[in-house]
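Notes follow once the structure below has been shown.
The values are calculated or read from the model by the stated rules, or taken from the named source; none is laboratory data. In this text, all values refer to a predicted model and were calculated from it rather than measured experimentally. Quick reminder, even Gly has a Cβ in these numbers, built from the backbone with ideal geometry, and neighbours come from all protein chains shown. Ligands, DNA and RNA are excluded from the accessible area calculation, which covers all protein heavy atoms including side chains. Shrake-Rupley method; radii C 1.70, N 1.55, O 1.52, S 1.80 Å.
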Amino acid sequence: MAHTCHDDLVELSDWAWHRLEQRMAGLTDEEYLWEPVPGCRTVRRGLDGTYRSDGPAPPGDSRRFTTLAWRLCHIADLLREERNGPWLGRAAPPPREQPGDPAPPPVR
């Protein structure tokens with residue numbers, strides 16, 4: 001049976017996820033949120049207890065360094081963009097209110 005583009009994308013996604021999962025295994029919160037320099041873009045806990053990314057840097061923002069937490073949120077945001085679900089035969093996710101907001105729970 002011939003592989004389709006869909007099959008290739010799913011296989012690549014699974015491979016990338018498992019590779020990331022293996023590398024993240026055992027990582028502590030302290031390591032995940034470690035700031036290589038003060039004032040990094042990161043993921044922060046809000047007053048309501050929800051974690052939110054600092055989001056993308058606005059024009060003129062001089063913070064060039066990021067934490068591992070911010071980078072992983074950034075990758076997740078890219079992967080959940082509207083176009084990606086339909087490529088994989090899934091519905092597009094609902095839009096977020098603003099960059100860095102937590103994703104709403106999936107509709108089942």
Taking only protein heavy atoms into account and a 1.4 Å probe, give the accessible area per residue of segment 3-48 in Å². 85 Å²
Let me check I've understood the local charge: for Glu35, count other residues with C-beta under 14 angstrom from its C-beta, Lys and Arg +1, Asp and Glu -1. What total comes out? +1
For Ala57, what charge total do you get from the other residues with a beta carbon under 11 Å from its beta carbon, if Lys and Arg give +1 and Asp and Glu give -1? +1
Please list the non-local residues whose amide H lies under 5 Å from the amide H of Leu33, H modeled 1.01 Å from N, same-chain partners needing a gap of 5 or more. none
Pop out the ³J(HN,Hα) list for segment 66-77 in order, Karplus 6.51 cos²θ - 1.76 cosθ + 1.60 with θ = phi - 60°, rounded to Hz; leave Gly and Pro as x. 9, 8, 4, 4, 5, 4, 5, 5, 4, 4, 4, 4
I need to check one value: relative contact order of segment 5-84, counting alpha carbon pairs closer than 8 Å and at least 6 residues apart, in percent. 26 percent
What nm distance separates the two modelled labels at Leu9 and Tyr51, each placed 7 Å from Cα along Cα→Cβ? 2.8 nm
Lys and Arg at +1, Asp and Glu at -1: add these up for the other residues within a Cβ distance under 15 Å of Trp15 and post the number. -3
Please list 3J(HN,Hα) in residue order for segment 9-20, calculated via the Karplus relation 6.51 cos²θ - 1.76 cosθ + 1.60 where θ = phi - 60°; whole Hz, with x for glycine and proline. 5, 5, 4, 5, 4, 4, 4, 5, 4, 5, 5, 5
